[in-house]
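The values are calculated or read from the model by the stated rules, or taken from the named source; none is laboratory data. Remember, it's a predicted structure, so these values are computed and weren't measured experimentally. Note: ideal-geometry Cβ built from the backbone for every residue, glycine included; neighbour counts use all protein chains shown. In case anyone asks, the SASA skips ligands and DNA or RNA and just uses the protein heavy atoms, side chains included. Shrake-Rupley method; radii C 1.70, N 1.55, O 1.52, S 1.80 Å.
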Amino acid sequence: MSADSIVKLKDIGKIYDTGVEALKDVNFEFPVGKLSTLLGPSGCGKTTLLKIIGGLIDATSGEVWVNGKPISGPGPDRAFVFQDFALMPWATILRNVAFGLELRGVPKDERLDIARKYIKEVGLEGFESNYPHQLSGGMRQRVGLARALTVDADIILMDEPFSSVDEQTRRKFQEDMLDLLQNRRKTVIFVTHRIEEAAYLSDLIVLLSARPGSVSQVIKPDIDHSGKCPDEIRRDKNYLDIIDNIWRELKVYLC
Amino acid sequence: MGVSSIFPPISSILMVASTVLSSEKFIKAIEISLRTFALGMTLALLVGIGLGALMARVKTVREILGTWVNIFVSAPISALVPILMGILGIGEATVVATVFLFAVFVIILDTQVGISKADRSLVEMGHSFGANRYQIFTKILILSALPEILAGIRLGVIRGVKGVVIGQLLISIIGVGELFELYSKHFLMEEFWSLVIVVFAFALLLSEAIAYCERRVEYYAGSR
Ligand SMILES: Nc1ncnc2c1ncn2[C@@H]1O[C@H](COP(=O)(O)OP(=O)(O)OP(=O)(O)O)[C@@H](O)[C@H]1O
Ligand SMILES: [Mg+2]
């Protein structure tokens, strides 16, 4: 395992009970402190792969190594942000955000303090005692992000976190997320099927082939976010070229 | 003997009611009824929620018990009371068992439904943050199934009230059953009806209290 990689996938294969072969021979090393995106056509096994990394489902073959050790399930080194938010409807925002710490037995006062801090950071101050159904989709996903941040995992796994959020909210949220993650040296593995989103956010794009998914290409967008406003980046030649390049690559599977 | 003697005017029922309610016999009967009801219901809750959860989570348990629970939930449990009397004797134990049997099956069934349709992604979320089985159960599954479980409890309570009355009627030597027997034998219709009103009011009150809890849960389960 090279020194600067934190998650290593070794020959990952997954065949579901139904006989569907979702993944085949996936090999990859995710660099530490970077935002890597899993991008690929619908049904190619992105969610499956992310859940295997999260330890939520077992691979049929191969191994996942995290921080130099093979995993056998979920662990405190990884935190998940779910596509459907996965917030408990009976619990307040504060309790939802603190839930990861609650499960770990962190004393109540301490965990609520930590939760308040992150609620503030994701921009939801004042909503602590609201319930999830009183929040918009974008705000709910901020709750999901705050919950993942409270447990202070090295690795954050996100499955299409912006998919049920409208376009304007998504852009704002993307910026905020980049800000939040920038200083923390978090390793983020991010699933999306939106090419622009991948090109805009990622340090690294892992293109997956159609089912059974495997790594078909790795792209480094190398977009400089510092000192530029988002709209400027979105008109950047480099950015547009990358999108074009990915699009041509993915078209192979669509036709 | 006219209708008016079987259905005395409400005013005379209410007049008698006050003396009935304060009579020693009545208080004693209520005491026994409440005690047996509470005991039977507690057992029904523990067993009902426990078995319901097991059936939802463990396939073999579901396969073994599923059919039986479905038969018993609609079976006339009263027919079993004579058998219970044979086993448990003529006394409080039989009434407790009757309450239990009246209430337990609907609680099992509703708990099972609630837990098996509990949000899978919440369970997955729990696992991802390191929840153990016990935490998944107490912090996610039970709460997620609470609307269904409460509905089951409300139906169970109503059946349990039926159970305590029918059990005591069939035994007819303890509790309100003894009173009903006494009043109807001596044709004390005012007393008889005031007892009926008390029992009805009790059942209604309990079921309303639970319905209130249900509404609160629905409120914040909101967009489930
Ligand atoms: N629990 C399951 N049982 C059986 N097959 C499954 C299961 N989950 C996923 N699959 C199948 O495995 C394949 C990959 O699914 P997966 O959800 O990982 O794809 P995805 O890339 O995330 O797709 P999408 O872009 O639609 O989210 C699909 O064909 C899917 O039908
Ligand atoms: Mg998916």
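Structure data summary
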| read-out | value |
| --- | --- |
| Rough spin-label spacing in nm, given labels placed 7 Å along Cα→Cβ, for B:Lys117 and B:Ala79 | 3.0 nm |
| Gyration tensor verdict on the stretch A:1-100 (Cα atoms; rounded if a/c is under 1.5, prolate if a/b is larger than b/c, oblate otherwise) | oblate |
| Relative contact order %, chain B, counting alpha carbon pairs below 8 Å whose residues are six or more apart | 28 percent |
| For the stretch B:9-223, accessible area per residue (1.4 Å probe, heavy atoms of protein chains only), Å² | 50 Å² |
| Cross-link pairs A:Lys34/A:Lys172; A:Lys51/B:Lys139; A:Lys8/A:Lys186; A:Lys14/A:Lys51 - those with Cα-Cα distance over 18 Å | A:Lys34/A:Lys172; A:Lys51/B:Lys139 |
| Chain A, relative contact order in percent, only Cα pairs under 8 angstrom and at least six apart counted | 26 percent |
| A:Asn67/A:Val20 FRET efficiency (R0 51 Å; Cβ-Cβ; nearest 0.05) | 0.95 |
| Choice from B:Leu101, B:Leu146, B:Leu204 showing the highest fluctuation, given a GNM over chain B with Cα pairs closer than 10 Å | B:Leu204 |
| Helix-only mean residue ellipticity at 222 nm for chain B, each DSSP H run of n ≥ 4 adding -39500 (n - 2.57), per residue, nearest 500 | -27000 deg cm²/dmol |
| Shape call, the stretch A:83-163: gyration tensor on alpha carbons, a/c limit 1.5 | oblate |
| Shielding of A:121-132 by partner chains, average beta-carbon count, 10 Å | 1 |
| Gaussian network model of chain A, springs between alpha carbon atoms under 10 Å - residue of A:Gly45, A:Gly100, A:Gly123 with greatest fluctuation | A:Gly123 |
| Peptides A:48-55, A:243-250 ordered by average Cβ neighbours within 10 Å, highest first | A:48-55, A:243-250 |
| Distance in nm between pseudo-label sites at A:Glu232 and B:Arg133 (7 Å out along the Cβ direction from Cα) | 5.8 nm |
| Cβ neighbours within 10 Å from other chains - mean over A:80-88 | 5 |
| Gyration tensor verdict on the stretch A:145-209 (Cα atoms; rounded if a/c is under 1.5, prolate if a/b is larger than b/c, oblate otherwise) | oblate |
| Loss of accessible area when B meets A, both sides summed, Å² nearest 100, probe 1.4 Å | 2000 Å² |
| Within a Gaussian network of chain B (alpha carbon springs, distance under 10 Å), most fluctuating of B:Ile115, B:Ile171, B:Ile83 | B:Ile83 |
| For A:Gln217, distant residues with modelled amide H under 5 Å away | A:Leu207 |
| Cα-projected label distance for B:Leu14 with A:His133, points at 7 Å along beta-carbon direction, nm | 4.0 nm |
| The protein assembly as shown: projected area of the alpha-carbon convex hull, averaged over directions, in nm² | 30.8 nm² |
| For A:Met158, residues with placed amide H under 5 Å, excluding near neighbours | A:Val81, A:Ile189, A:Phe190, A:Val191 |
| Between 0 and 90°, nearest 10: helix B:189-221 axis offset from chain B longest Cα axis | 20 degrees |
| Distribution of pairwise C-alpha distances over the stretch B:9-223, 10 Å bins, in % | 9, 28, 29, 19, 10, 4, 1 |
| Karplus (6.51, -1.76, 1.60) ³J(HN,Hα), θ = phi - 60°, over the stretch A:185-192, in Hz, Gly and Pro reported as x | 6, 7, 8, 10, 10, 10, 9, 7 |
| Mean Cβ count within 10 Å, highest first, over the residues of peptides A:209-220, A:184-195 | A:184-195, A:209-220 |
| From phi via Karplus (6.51, -1.76, 1.60), per-residue ³J(HN,Hα) for the stretch B:40-52 in Hz, x at Gly/Pro | x, 5, 4, 4, 4, 5, 4, 5, x, 5, x, 5, x |
| Derived scalar couplings ³J(HN,Hα) [the stretch B:54-65; Karplus, 6.51 cos²θ - 1.76 cosθ + 1.60; whole Hz; x for Gly, Pro] | 4, 5, 5, 9, 10, 4, 5, 4, 4, 5, 6, 8 |
| Carbon + sulfur, % of accessible area of the protein assembly as shown - ligands and nucleic acids excluded, 1.4 Å | 58 percent |
| Accessible area expressed per residue, the stretch A:26-88, with surrounding protein chains retained (probe 1.4 Å, Å²) | 35 Å² |
| Fraction of alpha-carbon pairs over 22 Å apart in chain A - percent | 56 percent |
